[in-house]
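Worksheet: one structure, shown below.
The values are calculated or read from the model by the stated rules, or taken from the named source; none is laboratory data. The structure presented is a predicted model; accordingly, all values stated were derived computationally and were not measured. Cβ: placed from backbone, ideal geometry, glycine included. Neighbour counts: every protein chain shown. Surface areas here come from the heavy atoms of the whole protein model, side chains and all, with no ligands, DNA or RNA. Shrake-Rupley method; radii C 1.70, N 1.55, O 1.52, S 1.80 Å.
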Amino acid sequence: MTATIIDGTALAAESRKETAERVTAFTRAYGWAPGLATVLIGDDPASEVYVRRKRKAAAEAGLEDFHHHLPADASHPQVAALIGELAEDPRVSGILLQLPLPAGLDRYALVDLIPVEKDVDGLTTASQGLLARGLPGLRPCTPSGVIRMLDSAGVRLDGAEAVVIGRSELVGHPAAELLLRRGATVTIAHSRTRALAEVTRRAEVLIAAAGIPGLVTAEHVRPGAAVIDVGIHRTDSGLTGDVRFAEVSRTAGWITPVPGGVGPMTIAMLLANTITAAENAAYAAIR
Ligand code: NAD
C-alpha cells in the first residue's frame, strides 16, 4: 500500500484564502480591520522565526499587526501590563503570547491574563475548560489543523479507534479532546506508556506528537491508518517529523509530510481563530 499524502501546504493556502475573504468582508462591514497582537519575550531564535511567519501570514490575510517584543529580563508586571492593554484595545481581536517564555516568568499566570474571547491560541484555562466541556470556544491551532487535515482527506472519525502519542497541553491533550468530541475512541499514549507499538497498532487514526524524531516506524502503524505527524525537528538534512515517512507511507492509508503538513495548518488555524474572534466580538456588540 502507498499512503495518500495529505498536503498541508495546499490545505493551508485554501484556509488562508477563506480567512482573507472573511477579513475583507469584516473590514467592509465595520470600517476597520481586525488585529492580531503578537507578544515575543526574549531572543529565542526559533520563537523569532515562528512569530515572524505568523505576522507575515496575518498581514497577507489583511489583519492589522500589533507586535510587541520585550527583552528577556522583562518582569511579570511588565508583561501583565502589556497583556492588559491589549485585552482592553478594541482593535486587537486576538492575542498570542509566544511560548516558551524566558525562565522566571510564569507562563500559566500570564497566558491566563488573555481574555478568553481573544485567546486565539486556545491555551488559557478558560479555553481549555470550554474544550473539555464541549462548549463553543477558540480551539488550539495545531490540534484544529490536525482535525481539518483528517476531514479534508475524508477520514471517518466517528467510531474510529484513535491514538494520540503525546499528552501536552499544546498538542496531544487538546487533539485527544477534539477527536473525542468527534466520536472517536481515543487512547493517549505518553512517555510512560509500555509497549507503544502494541497500543498504536490499534489506531485507525494515529497522531504523533511526542517530539522524538523517527519514533513512529512501520511497526507502529496499522495497515491503512491515517497518520498525522505533528513533530518538527531541525536536522542537518532539513526538517523531519516524529514519523519515518518513507517506511510508514508503505503501510499507512494517509500520511502527512514534514515539512508541508501540520506546520502550515497551524498558522492557517491561528488566522482563522483571529477572524472568528473579531466576528464574535462584533456580533456580541450588536446583541
Ligand atoms: P511536549 O514535549 O510538550 O510533549 C511531548 C509529549 O510526548 C509528552 O506528553 C510526553 O509524555 C510524550 N512522549 C515523550 N516521549 C515519548 C515516547 N517515547 N513515547 C510516547 N510518548 C512520548 O511537546 P509538544 O509541545 O506537544 O510538541 C510535540 C512535537 O510537536 C514537537 O516536535 C514540537 O516541535 C511539535 N510541534 C509542532 C507544531 C506544528 O505546528 N507542526 C506545533 C506544536 C508542536
**Item:** the stretch 141-263: antiparallel DSSP beta bridges as a percent of all, rounded to 5
**Value:** 15
**Request:** On a C-alpha basis, how far is the centre of the stretch 71-104 from the centre of the stretch 127-156 in Å? Whole number, if you could?
**Result:** 25
**Asked** Going highest first, how would you order 24-31, 60-67 by mean Cβ packing within 10 Å?
**Response** 60-67, 24-31
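Taking only C-alpha pairs under 8 Å that are 6+ residues apart, what is the relative contact order of the stretch 1-114 in percent?
Numbers: 131 pairs, mean separation 34.2, N = 114.
Answer for the stretch 1-114 is 30 percent.
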**Item:** Full-stretch length increase - residue 48, residue 239 - with 0.36 nm per residue and alpha-carbon distance subtracted
**Value:** 67.0 nm
**Prompt:** Taking a point 7 angstrom from the Cα of residue 14 along the C-beta vector, which residues in the stretch 133-174 have backbone N less than 17 Å away?
**Reply:** 144-157
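Just for the chain, what percent of DSSP beta bridges are antiparallel, to the closest 5? Walk me through the intermediate numbers first.
Values: 3 of 34 bridges.
Bridges in the chain are about 10 percent antiparallel.
Using only Cα atoms, what is the ratio of the radius of gyration of the chain to 2.2 N^0.38 Å? Could the numbers behind the result be given before it?
On the way: Rg = 19.0 Å, N = 287, 2.2 N^0.38 = 18.9 Å.
After normalising by residue count via 2.2 N^0.38 Å, the value is 1.01.
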**Asked** Using a Gaussian network model of the chain with C-alpha springs under 10 Å, which one of 214, 35, 172 is most mobile by mean-square fluctuation?
**Response** 214
**Message:** With a 1.4 Å probe and all protein chains left in place, how much accessible area per residue does the chain have, in Å²?
**Reply:** 47
**Prompt:** According to the Kirkwood expression over distinct Cα-Cα pairs, how big is the hydrodynamic radius of the stretch 8-92, in Å?
**Reply:** 14.3
**Fill in**
Carbon/sulfur accessible area of the chain, % of total, 1.4 Å probe, equals 54
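Counting only helical runs of four or more DSSP H residues, what would the 222 nm mean residue ellipticity of the chain come to if each run contributes -39,500 (n - 2.57) and the total is spread over all its residues?
Values: 10 runs with 122 residues, N = 287.
Dividing the helical sum by the residues of the chain leaves -13500 deg cm²/dmol.
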**Prompt:** Residue separation times 0.36 nm, minus the C-alpha to C-alpha distance between residue 218 and residue 280: what's the value?
**Reply:** 17.9 nm
